[in-house]
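The values are calculated or read from the model by the stated rules, or taken from the named source; none is laboratory data. Here the structure is a predicted model, which means the values were calculated and not measured. Cβ placement follows ideal geometry from the backbone for every residue including glycine, while neighbour counts extend to all protein chains displayed.
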Amino acid sequence: MKQSPGQTMDKKKKLKQAGFGINSRTWIGNMKFVHISFRFEFTEHIEAILDRHGISDYVRYPMIEGKGQDGKHFGTQVFPGNYSVVQAKVDDERLKGLFEELDSFRRQKKAHEHLRALAISVSDSLGF
């Protein structure tokens, strides 16, 4: 159910009155949770893209096992290669440019085709 602007302001006001503020639980307006998975050898490229879009707070999970369109990547001789995952909270103003650059990177080389990214709306946050 979509809220009217007045209802949204009421919710923000109630959260503020309840003590939810900076360094605590906060109301998040137009933010997205971005999840990017890619082959681990491209970590520096992905981090450079994040830097260019002013995204400095993120979590990176290196050397993750996964299965892609070309099979399993478990970091073994039988299933070589690994993935990395980066997760970040990104405001809507940066999201479009970020996804455009990630898509451009993905299309540059066949080896980049493993990159996947998704954005999920964030309605509430703790510690951000």
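Would you pick out the residues in the stretch 15-52 that are modelled with pLDDT of 55 or more and farther than 20 Å from Lys89 by Cα?
Answer for the stretch 15-52, where residues must be modelled with pLDDT of 55 or more and farther than 20 Å from Lys89 by Cα: Arg39, Phe40, Glu41, Phe42.
Mind checking which residues of the stretch 78-128 are among the aromatic types (Phe, Trp, Tyr) and in contact (Cβ under 8 Å) with a residue 40 or more places away in the chain?
Selection gives Tyr83, Phe105, Phe128.
Which is outside any helix (DSSP H, G or I) and either among the acidic types (Asp, Glu) or touching a Phe, Trp or Tyr at 6+ places or on another chain (Cβ under 7 Å) (or both), of Val85, Val90, Val78?
Matching residue, one of Val85, Val90, Val78: Val85.
For the structure I just gave you, tell me whether Tyr83 is of a type in the set (Ser, Thr, Tyr) and crowded, with 16+ Cβ neighbours inside 10 Å.
Taking the combined requirement at face value, the residue satisfies it.
Can you confirm whether the stretch 89-102 contains a residue that is closer than 13 Å to Arg39 by Cα and β-branched (Val, Ile, Thr)?
There is no residue in the stretch 89-102 that is closer than 13 Å to Arg39 by Cα and β-branched (Val, Ile, Thr).
For the stretch 85-110, what are the residues that are farther than 23 Å from Asn30 by Cβ and aromatic (Phe, Trp, Tyr)?
Of everything in the stretch 85-110, just one residue is farther than 23 Å from Asn30 by Cβ and aromatic (Phe, Trp, Tyr), namely Phe105.
Quick one: which of Ala119, Ala111 is within 20 Å of Glu47 (Cβ to Cβ) and at pLDDT below 95?
The unique qualifying residue is Ala111.
Keeping to the stretch 59-96, report how many residues are closer than 23 Å to Ser123 by Cβ and of a type in the set (Gly, Ala, Ser).
Matching residues across the stretch 59-96 total 1.
Answer yes or no as to whether Gln77 is within 21 Å of the chain's Cα centre (by Cα) and either loosely packed, with under 15 Cβ neighbours inside 10 Å or among the basic types (Lys, Arg) (or both).
For Gln77, the condition - within 21 Å of the chain's Cα centre (by Cα) and either loosely packed, with under 15 Cβ neighbours inside 10 Å or among the basic types (Lys, Arg) (or both) - is not met.
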